[in-house]
Amino acid sequence: MLESFIAATLLAAVHLCAGGLRSLDRLPRSRWLSAAGGVAVAYVFVHLLPDLARGQQVMDGIDIALLSYLEHHAYLLALLGLVVFYGLERMIKQHRQNKPAHHPSHPAMFWLHIGAFGAYNGLIGYLLVHGESEDSTDLALYCVAMGLHFLVNDFALQDAHKDLFSRRGRWLLALMPVAGWAIGSVTEVSELAVSALAAFLGGSIILNVLKEELPEERNSRLGPFLLGSIGYAALLLSVQG
């Protein structure tokens, strides 16, 4: 339990420290942010998606009236996570499309965006306790991947909401991994619920990484992204093997 609490506080510290790393916020995209995105994607495809297969076995063994006619519950939940955050990002982009670059976001749109990412961070913190991190090594690999992912998200949200994010949003996002860990430490959930949460998280991470790497205006760095993804995938496979 102590190790997972330390991991939660380290994840919180990423948001608190990201404000001092503004030199990474430039175009063309910083190679460090591209590499960080590659690490997060590697973690999803090498660790979380195989967990979806195990989660699917759990769901297959449980009769859920609402979902009994669906064949791939876990993968549909991953798709749902991707679609939810895709819809959110489209809404935010349309909101800002006709506004000057430094114009503040409307408070309702800001809190919707930050609230969604706050819940996202809380889920990541929650899975520190109830996820698939069976030992200290697994926990460390999860923490590193999610910490780098938080860094990428922090820069994206700072770009979207400017000073409003610096003054309010960053603090909420820093709080949520610890809050998620606290909830996880005092609650017990079924294996089915953990599998469902992990599936939703996997799809969400894929979208939130790729939306930062794919747009042409980001001028992203393919080399660092490949290095981060291939290098971290190799590390994960060596540990698992």
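The values are calculated or read from the model by the stated rules, or taken from the named source; none is laboratory data. What you are looking at is a predicted structure, and each value in this text was computed from that prediction instead of being measured. No Cβ is skipped: glycine too gets one built from the backbone with ideal geometry, and neighbour counts run over all protein chains shown.
Quick one: in region 91-111, of everything that is under 16 Å from G169 (Cα atoms) and either assigned to a loop (DSSP other than H, G, I, E, B) or of a type in the set (K, R) (or both), which residue is modelled with the lowest pLDDT?
P104
Can you give me the number of residues within region 156-202 that are over 23 Å from I92 (Cβ atoms) and of a type in the set (A, V, I, L, M, F, W, C)?
Looking only at that region, the number is 14.
Would you check which residues across region 117-167 are of a type in the set (D, E, K, R) and buried (at least 21 other Cβ atoms within 10 Å of the Cβ) and list them?
Passing the criteria: only D154.
Quick test of your reading of the structure: R170 fulfils all but one of (1) among the charged types (D, E, K, R); (2) buried (at least 19 other Cβ atoms within 10 Å of the Cβ); (3) under 14 Å from A198 (Cβ atoms). Name the failing condition by number.
Of the numbered conditions (1) among the charged types (D, E, K, R); (2) buried (at least 19 other Cβ atoms within 10 Å of the Cβ); (3) under 14 Å from A198 (Cβ atoms), the odd one out for R170 is (3).
Give me the pairs: first residue in region 223-241 and touching a residue at least 24 places away in the same chain (Cβ under 8 Å) and closer than 16 Å to W32 by Cβ, second residue surrounded by 14 or more Cβ atoms within 10 Å (Cβ to Cβ) and basic (K, R), beta-carbon distance under 7 Å, and six or more apart or on different chains, which are they?
Listed by first residue and then by second, the contacts come to P224/R31.
Y232 is checked against (1) more than 22 Å from R96 (Cα to Cα); (2) at pLDDT 85 or above; (3) surrounded by fewer than 18 Cβ atoms within 10 Å (Cβ to Cβ); (4) of a type outside the set (S, T, N, Q) and fails just one. What number does that condition carry?
Y232 satisfies every listed condition except (3).
Considering only region 146-161, I want to know if a residue exists there that is touching a residue at least 24 places away in the same chain (Cβ under 8 Å), of a type in the set (D, E, K, R), in contact with a Pro (Cβ under 7 Å, 6 or more places away or on another chain) and farther than 16 Å from G81 by Cα.
no
Suppose we filter L52, L10, L82, L88 for residues that are modelled with pLDDT of 85 or more, assigned to a helix (DSSP H, G or I), closer than 22 Å to N121 by Cβ and out of contact with any Leu (no Cβ under 8 Å at 6 or more places or on another chain); which single one remains?
L10
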